[in-house]
Amino acid sequence: MLHQGPSLIQTQSQKLSPQMLQTVKLMALPLLDLQAAISAEIEANPALELVERDDTPDNLQTKDLDGADINYLEEDSDPGYTHSNSDKSVSEFIEGTQTNKESLIDHLINQLRLCKLTEEETLIGELLINNLDSNGFHITKIDDLFLDSQMKIVNKVIDIIHQLDPIGVCVNDIYESLIVQAKILGRYPYGTIEILSESMDLITKGKKKLIMEKYDLSIEDIEDIYDYLKTLNPHPTAEFTTGYSNYIIPEAHVTKEGKSINVYLKEENIPSLTINKEFEEYKETDNKDVNRFAKKSINSANSFIQAINMRNSTLLKTINSIVKNQKEFFLFGPGNIKPLTRKEIALETELSESTISRISSDKYIQTDWGIYNLKYFFSNAIVSSQSGRDHSKESVKEIVKNIIIENKSEKKLSDQQISNILKERGINLARRTVSKYRKELNLLSSYERQ
């Protein structure tokens, strides 16, 4: 178990281990990507094989804080799922795995492995790359992933990744991406890096006069900088997929039965793995090469199985905690989301906040109200100054949507009128925030709704 702490790596030795890297990587994978990873590992390691699953699901029951039952089950009851012999299962599993074009992660790692790096530098590089989202930005802060003593090597490897294709990834945000691109591509006008580093808000708002005054530049200098920025790519990862997945498969079902909530982890989608017993016999041969290969393969298979188990148990623990904290949503539907942070789930599950962030990335659950990304259930509080009651962003968005729907046939409410109605209900939300939420809900303005 990864406990709450300042760093994932601080639970390990100073040197990153392949086991830690593999576990971290698998934690972040959505279901289809995980299936593809399992398929590749089975093909690469003869010591690893699929086994038939037990038809009898595990049944775990607990009580939530209000005494309502929450049942946690593994669901193997899909009528379309049948057990078969190992060879056929492997064949069907491999054929059913989605394999689209190369992902950003694979593209970067393949380039990294061509660089002349030490083993530790390669492991750090792979961890950095696997910590990138679809935009090429860090998911977990670098300081939370590595020890202070490792930062010199980490910064060296980051500089190397910056020069890989596409240029401008392994950064914190779009502004840093543009700075990296400018530094690598070069030939930028005087003042470009300083303005990107210090005054990006002035650039995006077109405040040319303020930039001229702040940096003592002429209008021609400013125009040259703007023209140069147009040659950079604000979305360098656009041509890549995030992985193998191009459609959503929920990893768990959460259903209500009266006041009870059932959580079913769809583990039949993740084949059960074991060590090939016949392969273990090779460890006892007199041939040293065969013996060495067998031991290495078995150790690798065991590490992979442990990493898969860690990933699944962490996911289930996280879902259970979310269900417990968001019970009203699962019982009564959208509009009942409570403010909830990853830190709260981390404390409750005794996992690190970065682990919660990683395990909830691109994971979906099927509910009575539809399919939801686990990230949906994390929302900071919007505090009403009148009642003092906390509302989450998602619950307020649901209220805004209902207000618009309720008044659809009578009058077309403006964003300011919606803001006033919310204030009457004890929720202080500015007009511009109402407008933002309405756009996120894909709802037209009052003028467009005429």
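Points to keep in mind about this one:
- Anisotropy class of segment 112-225 from Cα gyration tensor, a/c 1.5 cut: prolate
- Packing-based ranking, highest mean first, of 301-310, 114-123 given that Cβ atoms within 10 Å are counted: 301-310, 114-123
- Ordering of 182-190, 418-426, 322-330 by burial proxy (mean other Cβ atoms within 10 Å per residue, highest first): 322-330, 418-426, 182-190
- For the set Asp415, Asp227, the ranking by accessible area, highest first and with no ligand, DNA or RNA atoms included, is Asp227, Asp415 under a 1.4 Å probe.
- Area of Tyr215 that stays accessible when all protein chains are in place (1.4 Å probe, Å², to 10): 50
- Solvent-accessible area, 1.4 Å probe, carbon plus sulfur percent, for segment 103-169: 48
- Extension gain for Asp173-Asn407 works out to 80.3 nm (0.36 nm per residue, less the C-alpha to C-alpha distance).
- Separation in nanometres of the label points that stand 7 Å from Cα toward Cβ, at Lys343 and Lys230: 4.4
- Accessible surface ranking for Val290, Val24, 1.4 angstrom probe, highest first: Val290, Val24.
- For segment 193-207, 3J(HN,Hα) per residue [Karplus equation, 6.51 cos²θ - 1.76 cosθ + 1.60, θ = phi - 60°, Hz, x = Gly/Pro]: 5, 4, 5, 4, 6, 10, 9, 4, 5, 5, 5, 5, 8, x, 7
- Cβ-defined net charge surrounding Pro30, 9 Å radius [Lys, Arg +1; Asp, Glu -1]: -2
- Straight-line reach from Lys214: taking Cα to Cα under 26 Å and skipping same-chain neighbours fewer than 8 places apart, the lysines in range are Lys183, Lys205, Lys230.
- Rolling a 1.4 Å probe over the protein heavy atoms gives segment 241-353 an accessible area of 50 Å² per residue.
- Set Lys327/Lys375; Lys259/Lys324; Lys141/Lys338; Lys397/Lys436; Lys266/Lys317 screened for pairs whose C-alpha atoms are more than 21 Å apart: Lys141/Lys338
- Gain on full stretching of the segment that runs from Leu331 to Asp165 - 0.36 nm per residue minus C-alpha separation: 55.0 nm
- Three-way shape call for segment 162-318 based on the alpha-carbon gyration tensor, with the a/c threshold at 1.5: oblate
- Checking every one of the trypsin sites (Lys or Arg not before Pro) in segment 210-315 against DSSP loop status and a limit of 16 other Cβ atoms within 10 Å picks out Lys230, Lys259.
- Positive-pole candidate from Met151, Met200, His138, dipole of segment 117-221, charges at beta carbon: Met200
The values are calculated or read from the model by the stated rules, or taken from the named source; none is laboratory data. Every value quoted in this text rests on a predicted model; they were computed, and no experiment measured them. Methodologically, a virtual Cβ is constructed for each residue, glycine included, from the backbone with ideal geometry; neighbour enumeration extends over all protein chains shown. These area figures cover heavy atoms from the full protein model, side chains too; ligands, DNA and RNA do not enter into them. Shrake-Rupley method; radii C 1.70, N 1.55, O 1.52, S 1.80 Å.
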